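Here's the structure, in structure tokens; my notes come after.
We did not get these values from a lab; they are worked out from the coordinates using the rules stated. This is a predicted model, so every value here is computed, not measured. No Cβ is skipped: glycine too gets one built from the backbone with ideal geometry, and neighbour counts run over all protein chains shown.
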Amino acid sequence: MADKTIPYKIYLSEEDMPKAWYNLRADMKNKPAPLLNPGTGKPLTAEELSPIFCEELVAQELDDTTPFIEIPEEIRNFYKMFRPSPLVRAYCLEEKLGTPAKIYYKFEGNNTSGSHKLNSAIAQAYYAKRQGLKGVTTETGAGQWGTALSMACSYFGLDCKVYMVKVSYEQKPFRREVMRTYGASVVPSPSETTEIGRKILAEFPGTTGSLGCAISEAVEVATKNPGYRYVLGSVLNQVLLHQSVIGLETKTALDKYGIKPDIIIGCAGGGSNLGGLIAPFMGEKLRGEADYRIIAVEPASCPSFTRGTFAYDFCDTGMICPLAKMYTLGSSFIPSANHAGGLRFHGMSSTLSQLYHDGYMEATSVEQTSVFEAAEMFARVEGILPAPESSHAIRAAIDEALKCKETGEEKTIVFGLTGTGYFDLVAYQKFNDGEMSDYIPTDEEIAASVAKLPKVPQ
Ligand SMILES: *Cc1c(COP(=O)(O)O)cnc(C)c1O
């Protein structure tokens with residue numbers, strides 16, 4: 001077995017933490033397509049975006065040329081409370097699998113919100129505060145983003161209104177209470193508090209909601225209330241930018257021991273953790289300095305990359321948000337109830353979509369029972385109870401390590417362990433009781449929602 005010259009955990013010091021975020025778009029020859037105004041079909045300007053988003057975040061959203069953007073000191077100081085996060089060598093998992101592969105994971109679950117989302121939440125709250133705003137609105141699906149944002153807002157003394165997908169609101173009362181403890185107000189979506197919510201409720205009485213629908217409500221409230229802006233926890237370029245701290249730290253830790261990964265794996269919902277983890281590595285790949293296999297892992301129940309269409313689409317169900325060019329299942333696609341709530345978005349980051357389209361990365365989809373089998377094995381040997389979302393990456397990492405066992409190759413695999421699963425015990429209960437099912441949408445279902453894509457010049 002491995003000689004263990006590499007420590008179980010590669011910790012960095014505070015001085016090793018990145019002082020600037022890395023903007024992957026600066027190194028892309030084919031830039032991600034611009035956001036379009038759904039009314040005019042023209043690229044959105046900063047002026048048009050500023051009633052929705054904070055000014056500095058608009059600038060970051062539209063900037064596809066500046067490679068490094070300084071992390072303000074206030075944000076770096078907040079990061080220091082839970083970063084740098086450890087890069088762990090999964091010796092115990094390797095041993096369990098009997099693989100010659102070397103497996104590492106970057107663990108982002110070491111903060112109260114339990115996921116990587118705090119990396120962007122604190123940045124977005126900081127810029128809102130600096131602009132003198134009263135508060136922000138957002139949606140949350142599984143609840144991780146809402147929790148992270150409520151922590152960030154309480155730190156900077158901002159009001160925080162969270163529209164939580166109704167099914168999660170009911171199933172995850174404890175997440176809701178964490179948010180309220182941090183001072184956020186939490187409304188189940190769709191709700192009677194917005195025009196779009198009332199419209200959706202009239203059309204689909206009894207609906208348990210969706211992320212796209214909660215986004216519509218949060219945007220409406222932000223644009224109708226002076227002193228408020230909307231913030232989003234994934235998909236957008238600015239979020240990938242903030243999440244680059246994950247990849248930059250990973251690269252510094254690997255470089256410390258002269259380790260070069262062969263394969264980098266991350267789960268993909270809207271693409272923010274994956275975009276952040278791979279950023280510096282993809283940068284090297286784009287500049288022709290190194291090569292890596294990069295794999296996005298998505299649920300078979302919501303397969304945007306592997307079965308979606310690369311086209312302009314709405315980011316929300318209410319069709320009030322800008323149009324983004326991305327791999328999408330159609331904004332009217334409502335995935336079946338699966339337990340990886342954070343991976344249930346119909347679209348995908350336009351940056352990652354472009355890179356995937358250009359052949360710089362691969363994608364695979366996995367079914368949830370096999371994801372939970374991987375989660376269980378991981379929890380038992382590595383000790384961490386993983387989030388269902390993160391467990392998609394664990395599944396793919398195990399599968400790659402098992403291939404190495406067959407071929408005898410000693411590949412180095414790095415994956416993102418985005419969070420912990422303490423709030424997902426209903427899902428674990430289903431799995432433990434043998435009641436978990438796998439739902440895969442039919443081609444007809446996907447074709448039906450893709451047929452409703454907006455008509456814009458593609
Ligand atoms: C939100 C979330 C994800 C998926 O979001 P991305 O933007 O694709 O990273 C993955 N893991 C956890 C734990 C999450 O909370």
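Residues whose amide H comes within less than 5 Å of that of Cys267, counting only those at least five positions distant or on another chain, are Val297, Ala393, Gly416 (H built at 1.01 Å from N in the peptide plane). Remark on the chain: Cys54, Cys92, Cys213, Cys267, Cys302, Cys404 stand apart, with no other cysteine beta carbon under 4.7 Å. For Met28, Met81, the sequence from fewest to most other C-beta atoms within 10 Å is Met81, Met28. Positive contributions from Lys and Arg (+1) and negative ones from Asp and Glu (-1), summed over other residues with Cβ under 14 Å from the Cβ of Arg293, come out at -3.
Straight Cα distances below 19 angstrom link Lys430 to the lysines Lys172, with same-chain residues fewer than 8 positions distant left out.
When only Cα pairs below 8 angstrom with a gap of at least 6 residues are kept, the chain shows a relative contact order of 19 percent.
Among the listed pairs Lys117/Lys260; Lys161/Lys325; Lys260/Lys411; Lys19/Lys161; Lys80/Lys106, those with a Cα-Cα distance over 20 Å are Lys117/Lys260; Lys161/Lys325; Lys19/Lys161.
Of all beta bridges that DSSP places with both ends in the chain, some 35 percent have antiparallel geometry.
With K and R counted +1 and D and E -1, the other residues having a Cβ less than 12 Å from that of Tyr127 yield a net charge of -1. Annotation: the residues Phe310, Phe423, sorted from fewest to most other C-beta atoms within 10 Å of their own C-beta, follow the order Phe310, Phe423. For region 308-443, the square roots of the Cα gyration tensor eigenvalues, ordered a ≥ b ≥ c, give a/c of at least 1.5 with a/b no greater than b/c, which places it in the oblate category. Think of the chain as a dipole: +1 on every Lys or Arg Cβ, -1 on every Asp or Glu Cβ, centred on the Cα centre; then among Thr140, Leu240, Cys160, Cys160 lies furthest on the positive end.
Each of Ile264, Gly318, Leu254 was placed along the dipole of region 172-320 (beta-carbon charges, centred on the mean Cα), and the one lying farthest toward the positive end is Leu254.
Look at the alpha carbon pairs under 8 Å that are at least 6 residues apart: their mean separation over the length of region 1-93 gives a relative contact order of 52 percent.
Find out how many positive minus negative residues lie around Leu93, taking Lys and Arg as positive, Asp and Glu as negative, among other residues whose Cβ is under 11 Å from that of Leu93. Let's see the in-between values first.
On the way: positive: Arg89, Lys96, Lys102, Arg380; negative: Glu94, Glu95, Glu382.
That works out to +1.
Each label point was placed 7 Å from the Cα along the Cα-to-Cβ direction; for Glu95 and Ser336 their separation is 3.9 nm.
Here the dipole of the chain is about 620 debye; that uses its Cα centre as origin and unit charges on the Cβ of Lys and Arg (positive) and Asp and Glu (negative). Dipole magnitude for region 35-78: about 220 debye, using +1 per Lys or Arg Cβ and -1 per Asp or Glu Cβ, origin at the Cα centre.
Please work out whether the chain counts as rounded, prolate or oblate from its C-alpha gyration tensor, where a ≥ b ≥ c are the square roots of the eigenvalues and a/c under 1.5 means rounded, while otherwise a/b larger than b/c means prolate and anything else oblate? Cα axes put the chain in the rounded bin.
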